[in-house]
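Novice: Before we start, here is the structure in question, set down as structure tokens.
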Amino acid sequence: MKKIFIIFAMLFMMPVFADTMPYYTNAIPKDAIGVYQTGESLTIYSEPDTASNIIRSFDFLYNKESMQEGIFAVLLNEKKLGLIYVTDIGDENWVEVLYDKRTGAKGWVQTEDRFQFLPWINFYNMYGRKYGLRVLKDAPDEVDVLHAKAEDLSQNVAKINYAKQIKLTKVSGNWALVSVFDLDRIPKMGYIKWRGNNGIIYAFPNIK
């Protein structure tokens, strides 16, 4: 009993980082068109114009004590990587972001460079090809089927059982060409549907 108590005490004493990652399909808004990478601060305007009202300002230190919940699509404090959902684009490098996932509140931010806003295709090509993909927990069973072509009616060539790694080769519309390393140790390659025709995302970059 004493040994169990010590283990629990150690677990509670360990540092906990408020990291964030989507694991279910409803965690990603259907109207999201990509992500915006935050820096150490974030100023959100009511309109795509610096003369408009500032509706929120954030300062990020990337540690558990300072990071607020409900903001990030992806947050890895140790890497100082924060990404929030983008729902619209404006002129002169302005993008509309979802800054409160609980209330659905949105506002406008101005990008500082061309890599700060990543449309889904760019995001998957950058992070998906680097880290691979992870099928979301409530994705439909059809996502586990590998197709010969990026088409619904194309031939089924294999099935994902318990994937150890899903390596992304390229994105083609709502389809992704992947190589799968499964527990059965049989190499598998084909197209999976990373996003449904209704805009729901089924597979997300497995950022670590």
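The values are calculated or read from the model by the stated rules, or taken from the named source; none is laboratory data. Not measured: the values here are computed from a predicted model. Cβ sites come from the backbone with ideal geometry, for glycine too, and all protein chains shown count toward neighbours. Keep in mind that these areas ignore ligands, DNA and RNA; they rest on the heavy atoms of the full protein, side chains included. Shrake-Rupley method; radii C 1.70, N 1.55, O 1.52, S 1.80 Å.
Novice: For segment 171-184, enumerate the residues that are without any contact (Cβ under 8 Å) to a residue 40 or more places away in the chain, open to solvent by less than 90 Å² (accessible area, probe 1.4 Å) and out of contact with any Ser or Thr (no Cβ under 8 Å at 6 or more places or on another chain).
Specialist: Selection gives Ser172, Gly173, Asn174, Trp175, Val180, Asp182, Asp184.
Novice: Can you tell me which of Lys2, Lys30, Lys106 is at pLDDT below 95 and under 30 Å from Lys193 (Cβ atoms)?
Specialist: Sole residue among the options that is at pLDDT below 95 and under 30 Å from Lys193 (Cβ atoms): Lys30.
Novice: Does Tyr124 satisfy the condition of being open to solvent by 10 Å² or more (accessible area, probe 1.4 Å) and of a type in the set (Ser, Thr, Tyr)?
Specialist: Considered against the rule, which asks whether it is open to solvent by 10 Å² or more (accessible area, probe 1.4 Å) and of a type in the set (Ser, Thr, Tyr), Tyr124 comes out as no.
Novice: Let me ask something else. Consider Asp113 against the criteria (1) loosely packed, with under 14 Cβ neighbours inside 10 Å; (2) modelled with pLDDT of 95 or more: it satisfies all of them except one. Which criterion is unmet?
Specialist: Against the list (1) loosely packed, with under 14 Cβ neighbours inside 10 Å; (2) modelled with pLDDT of 95 or more, Asp113 comes up short only on (2).
Novice: For segment 185-208, what are the residues that are under 16 Å from the mean Cα position of the chain (by Cα), open to solvent by 30 Å² or more (accessible area, probe 1.4 Å) and of a type in the set (A, V, I, L, M, F, W, C)?
Specialist: Once the filter is applied, which keeps residues that are under 16 Å from the mean Cα position of the chain (by Cα), open to solvent by 30 Å² or more (accessible area, probe 1.4 Å) and of a type in the set (A, V, I, L, M, F, W, C), segment 185-208 yields only Ile200.
Novice: What single numbered condition from (1) over 16 Å from Tyr23 (Cα atoms); (2) part of a strand (DSSP E or B); (3) not polar (S, T, N, Q) fails to hold for Arg134?
Specialist: (1)
Novice: Then there is this: Sort out which residues of segment 130-167 are buried (at least 17 other Cβ atoms within 10 Å of the Cβ), among the small types (Gly, Ala, Ser) and in contact with a strand residue (DSSP E or B) (Cβ under 6 Å, 6 or more places away or on another chain), and write them in order of number.
Specialist: Gly132, Ala150, Ala158, Ala163
Novice: With respect to Leu118, is the statement that it is under 23 Å from Ile207 (Cα atoms) and out of contact with any Gly (no Cβ under 7 Å at 6 or more places or on another chain) true?
Specialist: No.
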